[in-house]
Amino acid sequence: MRPGRFDHQLKTAPERPGCYLFLDDAEQVLYVGKAKNLRRRVQVYRRQGADGRARLADLLHAAERAEFRVTDSETEAVLLEDRLVKLHQPPLNVLLKDDKTFLLVHLDTRHAWPRLGLARKRHRPGEFFGPYANAGAARRAKRLLQKAFGLRDCSDHTLRSRRRPCLKHAVGLCSAPCVGKVEAADYAEALDGAREVLGGRVRERIAVERVRMEEASAGLDYEIALRSRDRVRALEVLAEPQKVRLRAELDFDALGIDERGHLALLEYRDGDWIGSRFGHLPLFESPAAAVATVVAALYRNGEEIPPEILVPALPEGQEALEQLLRERAGHRVRIHAPVRGQKRALIRLAESNARARRGETAQAPWPRVAQRIAALTHFDPPSVVDCIDVSHLQGRERVASKVRFFEGRADRGSYRRYLVGGGSGNDDFAAMHEIVSRVLQRAGEDGLADLLVLDGGKGQLSAGLRASAEQGQALPMVALAKARRGRGPVAAEERLFLEGREQPVILEPGSPERLFFERLRDEAHRFAITHHRKRRENLRLVLEQVPGIGPARRKTLLDWCEGELQRLRDAPADLLIEMPGMTPDLIHSLQVHLHRILP
């Protein structure tokens with residue numbers, strides 16, 4: 001810790017609750033923290049990393065001064081920290097990333113016929129319910145509410161311009177207020193019912209509708225009885241467990257934080273794991289302080305707060321944090337740190353998810369990958385990388401694919417597929433020579449890549465280099481050979497073949513460049529074999545039109561003709577009769593059909 005004004009500020013911090021801000025020389029806020037006693041808390045920053053925080057050294061190196069905001073209570077400090085983080089977006093506070101987008105059910109009450117819809121933000125007038133744990137749950141809730149109560153979801157313009165009911169009215173999803181099919185009082189009653197259901201009182205509404213159905217049936221008012229029956233059926237689906245709005249007493253979240261500050265929040269509703277949220281705490285203190293910071297951040301933007309939050313350690317200022325969450329949620333919220341049993345196992349599961357997510361998102365930035373590729377290949381760092389893969393079915397139906405990645409991301413608009421006409425049988429080298437030649441000939445249309453990767457080994461590379469020399473265009477080119485177990489220590493690894501080198505370059509397992517090359521090759525292979533799958537599907541559809549040829553016989557026939565239906569059309573009957581399940585009548589029907597549809 002360097003001496004100076006910053007150190008003096010930490011020494012003389014007020015002994016009061018409040019928040020502290022660390023700023024750099026450009027007056028940008030780097031970090032915001034809260035404390036019950038500010039002076040006691042900030043002394044840890046003078047001990048040069050005694051608390052083991054991963055980014056503490058970065059903070060102490062960049063911070064030029066500190067500011068303190070005093071409050072009257074610890075609860076106010078929690079609220080103030082929340083506001084300061086929202087205002088300044090400091091880079092060393094918790095960074096959150098969701099694996100979904102939250103949706104809300106929206107009732108737009110500005111019109112005489114209120115509209116039911118979905119929204120992602122509360123920026124429009126009306127009533128909002130949710131947010132829902134995932135988009136599918138919100139859309140399902142909306143659809144079932146329409147089925148139960150017939151609320152419209154069309155725009156005001158559509159409502160004004162309609163002259164006859166739309167299809168949704170015909171299938172029972174709208175009561176058609178646009179053409180006067182429902183009275184205003186009935187629509188208002190349906191709207192009240194939807195509000196009740198969205199508020200979580202589904203069972204209560206089902207009971208009301210059952211009573212109404214029985215009374216209407218007893219009074220021979222079958223139209224009302226039928227409407228109530230349909231509502232009961234829709235609401236019963238809506239009330240199924242582990243689905244949409246679930247019973248509050250069984251809802252909880254489980255928070256896990258790994259040793260590097262990566263976090264995962266597993267959301268359970270009615271005992272069912274329905275979603276996850278992820279984030280990273282670049283600067284973390286003790287587990288208790290980390291939990292306090294993360295929990296305040298996780299529920300700051302209107303997300304649904306369950307009645308119980310499971311955490312790995314009880315947060316500092318637990319009572320103040322629970323009070324803040326209670327104010328936001330409108331109900332009691334308990335923060336619990338289980339020490340044994342199933343709930344503790346859920347904390348460990350959340351920690352495992354945080355570590356797994358860390359591995360998924362640890363992909364190196366493209367400039368670093370490009371530099372590592374350049375070091376291996378002795379070419380310039382590439383931005384555009386193409387990969388060519390040749391695929392065939394037993395020497396027939398040969399097709400090649402070319403996929404393009406721009407700065408590590410797939411550029412699907414530049415994908416190309418080629419039917420291979422040169423070479424014969426399984427001659428992959430001749431096929432590669434042909435495709436590289438065609439790629440170079442089309443350079444004016446598609447542009448050339450900074451690096452061309454050929455799926456294969458030394459033979460494919462030689463064919464590609466020969467095509468490049470014949471076309472008079474020098475193109476950086478390598479061949480990528482797939483790992484083959486049981487063929488020696490070199491073949492057992494992913495490897496690159498380079499021009500002028502006898503031995504391949506081994507790609508280190510788990511390295512950024514190996515992960516990129518594997519992803520590139522897999523995409524090229526996927527794009528190539530889709531041609532074969534589509535063609536075989538088309539052939540299957542042709543044979544499906546022949547009565548008596550089921551799945552087993554279709555497979556036998558397609559394997560025998562190797563995808564060439566002309567062979568089946570022209571084959572002698574005494575040759576086809578040897579196949580299992582084939583009869584003279586069936587062979588005659590098949591060949592007549594093929595003569596009719598094939599050229």
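Taking the stated definitions as given, is Glu316 without any contact (Cβ under 8 Å) to a residue 40 or more places away in the chain and either in contact with a Cys (Cβ under 9 Å, 6 or more places away or on another chain) or not aliphatic (A, V, I, L, M) (or both)? Judged against the criteria, Glu316 is not a match. Among the residues of the range 298-349, what is the count of those that are part of a helix (DSSP H, G or I) and out of contact with any Leu (no Cβ under 8 Å at 6 or more places or on another chain)? Of the residues in that region, 16 qualify.
Restricting attention to the range 351-378 and to residues that are of a type in the set (A, V, I, L, M) and at pLDDT 85 or above, the residue that is surrounded by the fewest Cβ atoms within 10 Å (Cβ to Cβ) turns out to be Ala375.
Which condition does Ala184 not pass, out of (1) touching a residue at least 60 places away in the same chain (Cβ under 8 Å); (2) of a type outside the set (Phe, Trp, Tyr); (3) surrounded by 15 or more Cβ atoms within 10 Å (Cβ to Cβ); (4) more than 12 Å from Leu116 (Cα to Cα), if it passes all the others? Against the list (1) touching a residue at least 60 places away in the same chain (Cβ under 8 Å); (2) of a type outside the set (Phe, Trp, Tyr); (3) surrounded by 15 or more Cβ atoms within 10 Å (Cβ to Cβ); (4) more than 12 Å from Leu116 (Cα to Cα), Ala184 comes up short only on (3). Look at the range 204-222: where a residue is farther than 12 Å from Gly193 by Cβ and not assigned by TED's automatic domain parsing to the domain that holds Arg233, no partner that is among the basic types (Lys, Arg) and exposed (fewer than 15 other Cβ atoms within 10 Å of the Cβ) sits 6+ places away or on another chain with Cβ atoms under 7 Å.
Hey, does the range 529-543 have a residue that's farther than 21 Å from Val399 by Cβ and either within 44 Å of the chain's Cα centre (by Cα) or modelled with pLDDT under 80 (or both)? Checked the range 529-543: at least one residue is farther than 21 Å from Val399 by Cβ and either within 44 Å of the chain's Cα centre (by Cα) or modelled with pLDDT under 80 (or both).
Scanning the range 570-599 for residues that are modelled with pLDDT of 75 or more, under 48 Å from the mean Cα position of the chain (by Cα) and under 26 Å from Arg398 (Cα atoms) yields one hit, Leu594. Residues that are in a strand (DSSP E or B) and of a type outside the set (A, V, I, L, M, F, W, C) were ranked within the range 75-104; the one that is modelled with the lowest pLDDT is Asp98. Look at the range 479-497: where a residue is assigned by TED's automatic domain parsing to the domain that holds Glu523 and modelled with pLDDT under 90 and a partner is part of a strand (DSSP E or B) and surrounded by fewer than 20 Cβ atoms within 10 Å (Cβ to Cβ), sitting 6+ places away or on another chain with Cβ atoms under 8 Å, you get Val490/Ile506; Glu493/Ile506; Glu494/Ile506; Arg495/Val505; Arg495/Ile506.
Evaluated against (1) modelled with pLDDT under 80; (2) in a strand (DSSP E or B), Ala234 falls short on exactly one condition, (2). Which residue pairs have Cβ atoms under 6 Å apart, sit 6 or more places apart or on different chains, and have a first residue in the range 340-364 that is among the small types (Gly, Ala, Ser) and a second that is modelled with pLDDT under 60 and part of a helix (DSSP H, G or I)? Taking only residues 6 or more apart or on different chains, not a single pair turns up.
The values are calculated or read from the model by the stated rules, or taken from the named source; none is laboratory data. Only a predicted model underlies this, so the values are computations on that prediction, with no experimental measurement involved. Heads up, the Cβs are rebuilt from the backbone with ideal geometry, glycines too, and the neighbour counts pull from every protein chain shown.
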